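Written below as structure tokens is the structure these notes are about.
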């Protein structure tokens, strides 16, 4: 009888131990994505100023608004990354500025009024590109208020349209710079911290954000940019830096 009791007790303890391991693994699987700076996680309530510059040229294209090509891009002054704790994703607030731009497909001499395309204030969210917490990590750029992503005017007598309003949001895959070479940031294969990380903007992707241990899929309006009822596509790569600090995005 005692032998049977010990056997049952050992079996019960084994089940509890396995359950604890599984719970621990599940918790680890929902940790992040988050920023790590100089070896330490950027915690909830903490912020870090971030700067950006174009690594490649940028194109912003819509069937009615034409194609805009810009050689320069930066974050407006005051852009910040914000930390998180537990099973919550890191974030931030930025405003994108595109300059040295040319416009095609809108008529002779049509240009952006003021020469600079500036977005509305945007909320940054670290995210996954699928619901399984695997694959490439992303950074989403969504309107901080309402649905307007950017709004600007065209100038020139030949412009087909005068005012352009872009709504929705866009995601970008995270990469790390190594001697000007790009390394993709992927769950379980996150590159070591580096002074320069980057974002490669992508189109047509859903995003999932970690909130309290649950993945929240963003709405259709936040999955792509739109203008005049049609898709706006954007391509380009930006280099992000934190004043010389080494940093990266991780999930554990």
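The values are calculated or read from the model by the stated rules, or taken from the named source; none is laboratory data. Nothing here was measured: the structure is a model prediction, and the numbers come from that model. Don't worry about glycine lacking a Cβ; one is built from the backbone with ideal geometry, like all the others, and counts go over all protein chains shown.
Working only within segment 93-117, note down all residues that are surrounded by 15 or more Cβ atoms within 10 Å (Cβ to Cβ) and closer than 19 Å to residue 167 by Cα. Write out each step before concluding.
If we filter segment 93-117 for residues that are surrounded by 15 or more Cβ atoms within 10 Å (Cβ to Cβ), which is where we start, we get 93-99, 101, 103, 106-107, 110-112, 117.
Within segment 93-117, 93, 94, 95, 96, 97, 98, 112, 117 qualify.
Please verify whether segment 120-134 includes one or more residues that are without any contact (Cβ under 8 Å) to a residue 40 or more places away in the chain and over 24 Å from residue 79 (Cα atoms).
yes
Of all the strands (runs of 3 or more DSSP E) wholly in segment 180-252, which have at least 1 residues that are free of Cβ contacts under 8 Å to residues at least 60 places away in the same chain and either in the same structural domain as residue 83 (by TED's automatic domain parsing) or on the phi < 0 side of the Ramachandran plot (or both)?
Working: elements: 181-184, 196-202, 208-211, 214-217, 225-227, 230-235, 237-241, 247-250.
Once the strands (runs of 3 or more DSSP E) in segment 180-252 are filtered for at least 1 residues that are free of Cβ contacts under 8 Å to residues at least 60 places away in the same chain and either in the same structural domain as residue 83 (by TED's automatic domain parsing) or on the phi < 0 side of the Ramachandran plot (or both), what remains is 181-184, 196-202, 214-217.
Within segment 32-47, how many residues turn out to be surrounded by fewer than 17 Cβ atoms within 10 Å (Cβ to Cβ) and in contact (Cβ under 8 Å) with a residue 60 or more places away in the chain?
The total comes to 2.
Could you go through segment 118-134 and let me know if any residue there is touching a helix residue (DSSP H, G or I) at 6+ places or on another chain (Cβ under 6 Å) and surrounded by 21 or more Cβ atoms within 10 Å (Cβ to Cβ).
No, segment 118-134 contains no residue that is touching a helix residue (DSSP H, G or I) at 6+ places or on another chain (Cβ under 6 Å) and surrounded by 21 or more Cβ atoms within 10 Å (Cβ to Cβ).
Considering only segment 155-163, I want to know if a residue exists there that is in contact (Cβ under 8 Å) with a residue 60 or more places away in the chain and either surrounded by 17 or more Cβ atoms within 10 Å (Cβ to Cβ) or in the same structural domain as residue 65 (by TED's automatic domain parsing) (or both). So that I can check it myself, show each step before the final result.
Initial filter on segment 155-163 (in contact (Cβ under 8 Å) with a residue 60 or more places away in the chain): 160-161.
When the remaining residues are screened for being either surrounded by 17 or more Cβ atoms within 10 Å (Cβ to Cβ) or in the same structural domain as residue 65 (by TED's automatic domain parsing) (or both), the result is 160-161.
Yes, there is a match, as at least one residue in segment 155-163 is in contact (Cβ under 8 Å) with a residue 60 or more places away in the chain and either surrounded by 17 or more Cβ atoms within 10 Å (Cβ to Cβ) or in the same structural domain as residue 65 (by TED's automatic domain parsing) (or both).
Just one of 93, 85 is over 14 Å from residue 150 (Cα atoms), part of a strand (DSSP E or B), assigned by TED's automatic domain parsing to the domain that holds residue 216 and in contact with a strand residue (DSSP E or B) (Cβ under 9 Å, 6 or more places away or on another chain); which is it?
Numbers: 85 fails: part of a strand (DSSP E or B).
Within the list 93, 85, the selection yields 93.
Considering only segment 65-79, state which residues are surrounded by fewer than 16 Cβ atoms within 10 Å (Cβ to Cβ) and either under 18 Å from the mean Cα position of the chain (by Cα) or modelled with pLDDT under 95 (or both). Spell out how you get there, then give the answer.
Within segment 65-79, the subset surrounded by fewer than 16 Cβ atoms within 10 Å (Cβ to Cβ) is 67, 71-72, 76-78.
Selection gives 76, 78.
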